[in-house]
Amino acid sequence: MPRKPVRHRRLMKYQPLTFSPFARQVARVASSCMSNRQMHRPDLPKKSQPNSAGNGSRKNTLKVKNEHSESSDEEEFDGTVQADFAFFDPKPDDFHGVKTLLQTYLDDIEWDLSGFVDLILEQTTVGTVVKIEDDEDNGIFALATALNLGRYKDHKCFMEVKEFLVKVSQEKDVIDDLRSLLGKEAESVGLLVSQRVMNLPPQLWPPLYDALFDEVSWATEDEPTEELCNFFRFKFYIIVSKVYKHKNAHQKKGMSTSDEEIIYIKPEDEIFHELSSWSFEFSLHTQQLATHELRDYQQMGLVMAVKADKIPAFRQQLKSFVERS
């Protein structure tokens, strides 16, 4: 097994990718909603620069050129923005940024989200946040981590996550499997939490997941006690995400031949879905503003259970997807 490298700055250069008009519409809606939430949160402090002392360990820095979808002065702006995205260990100063990303993680219910974020930030050996290097606002653009359900079973936030999942599961053929993973098998189950702003460049997706799953692997040997090592020997991952589903998907009426039954907000979720042992959808009370392209769709929650031995296939398929894009 390859060993965990010393965390020093490493530059990775990528060629720009082009987003389809539809993808830009989805990204614009999600980004707009994210920006609105941040603008109406006066308690968000201005953060120090990511590479300043005491602000956590930098993992990698990725140079990415991204197509800009809108410009107020197209004659002076060539449509390309270059940004240095840096990967960092989570740290306490990331609290508000991570909490904003996860604001609707469990739809609109009131739950101990702050406690959930605290656990994410306390687990520094496994987990990554993505920022723009030298950004004065220290904004969080993406998060990826995996938390052991058994390890945190007595925490209020995890009890609420389990209660929520059981409540929204309406499919009788998966409820027993769900209860098993949340109960007697919980110590070998990781809650895979992955969230990002929707216009994050696709070139960042594979390195972000590679960082997560490499760290999980390293933690099974590098944690200071055998008990802590065992907490990362996952056999299953549970993933809670969102998709757009056609309003007439069940009847098949009113759908044109070009309509997709499901549109994956995060493309990697389609890979997870195909590799999952079981999954179920549930209705959401919180709905994003619909664009013209999404007028016949409604946002749904999606829960998936993926065996850990499927992760190598996931990583390869995600890389291939991004290379083809």
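List of remarks:
- Cα extents for the stretch 85-324 along the principal axes, largest to smallest and rounded to whole angstrom: 58, 45, 36.
- Label-to-label distance for LYS172 and HIS292 is 4.5 nm, based on points extended 7 Å past Cα in the beta-carbon direction.
- Dipole-positive endmost among PRO92, VAL322, LEU121 within the stretch 85-324 (Cβ charges, Cα centre): VAL322
- The stretch 85-324, accessible surface, carbon-and-sulfur percent (1.4 angstrom probe): 46
- Cα-projected label distance for GLU122 with CYS229, points at 7 Å along beta-carbon direction, nm: 2.3
- Entry comment: accessible area of the stretch 85-324 is 43 Å² per residue, from protein heavy atoms only and a probe of 1.4 Å.
- Entries in LYS153/LYS319; LYS91/LYS310; LYS247/LYS307; LYS156/LYS266; LYS167/LYS245; LYS266/LYS310 that, when Cα-Cα distance is taken, lie over 26 Å: LYS153/LYS319; LYS91/LYS310; LYS247/LYS307; LYS156/LYS266
- Fraction of alpha-carbon pairs over 24 Å apart in the stretch 95-197 - percent: 26
The values are calculated or read from the model by the stated rules, or taken from the named source; none is laboratory data. Not measured: the values here are computed from a predicted model. Backbone-built Cβ (ideal geometry, glycine too); neighbour counts: all protein chains shown. Heads up: the accessible areas ignore ligands, DNA and RNA and are worked out on the full protein's heavy atoms, side chains in. Shrake-Rupley method; radii C 1.70, N 1.55, O 1.52, S 1.80 Å.
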